[in-house]
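Working notes for the structure below.
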Ligand SMILES: Cc1cc2nc3c(=O)[nH]c(=O)nc-3n(C[C@H](O)[C@H](O)[C@H](O)COP(=O)(O)OP(=O)(O)OC[C@H]3O[C@@H](n4cnc5c(N)ncnc54)[C@H](O)[C@@H]3O)c2cc1C
């Protein structure tokens, strides 16, 4: 008889696990709390516009890597999915001076040198290091603790220049990297896309993904991608149960018997994969005492932080490109919860014409929010939903005014479509402190990897982005595949 696997959570990680297990001959069921699969990788419609909530870049869009193969196997890429090739990572304009991190590194270099000849040496080293990191790959074949010498040799060969670059930025945050430049616009520009306390190497690696042509965007958006993956899973015989929030994992001794839904129903199985937010797993689905030590270090030490966002999406009357796809500009300072903001980023979605009716555009502004901001939003929403809504709209109005001042050509043409906050991520995905990425390492604390097994529970495995710092779609998918790999390995089947 086929072995049955219960997967809790129909995000990218849970669905990836489900697809590989179905292919390997298991009988799987995904229990997803929401009416739509995809979790954080989602989007929604408002007044004929699509609001895309995830894709800024998808690592692994370039042909030839194991990650690219994985994306094709699960339906994220491949088939008739067209890809938008990003021209740039992002740009920042201040006082008429623009820094753009172009896909074309030579162009970035030339423009930076023209802007800041005083930083020549530093600019050249930065560009060279980005170039060296372009070969970086994400291993997705098998769990790291199961990799052998041969696997490491294969990985090492493709990434031979990378250790030297990691060493060059050891102990440095993005902030520190920025401060090595004399030019103030470059200094500020470096701190805008990735939280500035993150290791400097994470900026180099993210930008290198774009310059390598390995971080483009599948057209159709995040929700369409999640629905493609869900239908791939179902086409393989997987059972996706929506509106099925799980209350707890049912344990007898050192064995999980299945999952109990919030409505009291019990679904039994031979294995359980918990593919939700890790904080949720170990406060709700399993007793906290089962939390692996590595995760415990992140959750309990107080040294690891997470971030989230306050978002406002606007319809624009007319197709206005705002210069580039992701453009940052200076504007009058304002407070968003407890965070002061004086640089604002607009993401313009004109690259995907399916997101807006003809002759119109949709844009989003996202303000990074900390854990303290999460507390603010959560308590405001819980104490007074009316005040919460009012505050969101007031802030969106303030943001709209700043956009209109900086881009007078759109004055009177912006209409608010929606706003959402860290409390939204908590409500929708049970996200710890409203975070939509995993813990952020900084120069003082290392990024942590968690194995995906649960001590004392032989048939429960973990998946999801929280198993490897800083999370993101490739990590979510890899961890889903690794959970499937461990079960297949136990049953002596190959994936
Ligand atoms: C604004 C934004 C921008 C982003 N940009 C990028 C980007 O450009 N590139 C990138 O790589 N990543 C990006 N990410 C991150 C990416 O979306 C996540 O890393 C990824 O989607 C996480 O997948 P997951 O499956 O690990 O977790 P989740 O998406 O959280 O999936 C967990 C699933 O479990 C479900 N669930 C929770 N509790 C229960 C329960 N009790 N019972 C049943 N189901 C439950 C949830 O509803 C959810 O569907 C972005 C995210 C956001 C929000």
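The values are calculated or read from the model by the stated rules, or taken from the named source; none is laboratory data. Given the structure is predicted, the values throughout are model-derived calculations rather than measurements. Quick reminder, even Gly has a Cβ in these numbers, built from the backbone with ideal geometry, and neighbours come from all protein chains shown.
Could you tell me whether residue 339 is more than 14 Å from the ligand (Cβ to nearest atom), surrounded by fewer than 18 Cβ atoms within 10 Å (Cβ to Cβ) and under 23 Å from the mean Cα position of the chain (by Cα)?
Yes, satisfied.
Any residue that is outside any strand (DSSP E or B) and closer than 21 Å to residue 93 by Cα - is there at least one of those in the stretch 340-349?
Yes: one or more hits.
Would you check if residue 50 is more than 11 Å from the ligand (Cβ to nearest atom), more than 15 Å from residue 465 (Cβ to Cβ) and not in a loop (DSSP other than H, G, I, E, B)?
yes
Condition (residue is away from the ligand (no atom under 15 Å from the Cβ) and within 25 Å of residue 39 (Cα to Cα)) applied to the stretch 403-416: is it met by at least one residue?
Yes; the residues of the stretch 403-416 include at least one that is away from the ligand (no atom under 15 Å from the Cβ) and within 25 Å of residue 39 (Cα to Cα).
Could you check the stretch 140-158 and list, in sequence order, the residues that are surrounded by fewer than 20 Cβ atoms within 10 Å (Cβ to Cβ) and within 23 Å of the chain's Cα centre (by Cα)?
141, 142, 144 - these are the residues of the stretch 140-158 that are surrounded by fewer than 20 Cβ atoms within 10 Å (Cβ to Cβ) and within 23 Å of the chain's Cα centre (by Cα).
Looking for whichever is surrounded by 16 or more Cβ atoms within 10 Å (Cβ to Cβ) and more than 11 Å from the ligand (Cβ to nearest atom) here; the options are 98, 42. Which one fits?
98
Restricting to the stretch 270-290, and then to whatever is within 10 Å of residue 6 (Cβ to Cβ) and outside any loop (DSSP other than H, G, I, E, B), can you tell me which residue is nearest to the ligand (Cβ to nearest atom)?
Filtering first and then ranking leaves 274.
Looking at (1) within 16 Å of the ligand (Cβ to nearest atom); (2) surrounded by 23 or more Cβ atoms within 10 Å (Cβ to Cβ); (3) in a strand (DSSP E or B), which one does residue 61 not meet, given that it meets all the others?
(3)
Give the stretch 127-169 a look and list any residue that's without any contact (Cβ under 8 Å) to a residue 12 or more places away in the chain and farther than 30 Å from residue 480 by Cα, or say none.
128, 167
Among the listed residues 464, 452, which satisfies the condition of being at positive phi, near the ligand (Cβ under 10 Å from one of its atoms), outside the structural domain of residue 319 (by TED's automatic domain parsing) and in contact (Cβ under 8 Å) with a residue 24 or more places away in the chain?
Unique residue meeting the criteria: 464.
If I ask for residues that are without any contact (Cβ under 8 Å) to a residue 40 or more places away in the chain and within 13 Å of the chain's Cα centre (by Cα), which ones from the stretch 417-449 would you list?
Of everything in the stretch 417-449, nothing turns out to be without any contact (Cβ under 8 Å) to a residue 40 or more places away in the chain and within 13 Å of the chain's Cα centre (by Cα).
Please return the ranges of helices (runs of 4 or more DSSP H) entirely within the stretch 173-269 where 1 or more residues are crowded, with 20+ Cβ neighbours inside 10 Å and at positive phi.
Ranges flagged: 221-235.
Of all residues being out of contact with any helix residue (DSSP H, G or I) (no Cβ under 7 Å at 6 or more places or on another chain) and closer than 22 Å to residue 290 by Cα in the stretch 471-492, which is nearest to the ligand (Cβ to nearest atom)? Just the residue, please.
Result: 482.
Any idea which residue in the stretch 378-419 is nearest to residue 367 (Cα to Cα), counting only those that are in contact with a helix residue (DSSP H, G or I) (Cβ under 8 Å, 6 or more places away or on another chain) and not in a helix (DSSP H, G or I)?
419
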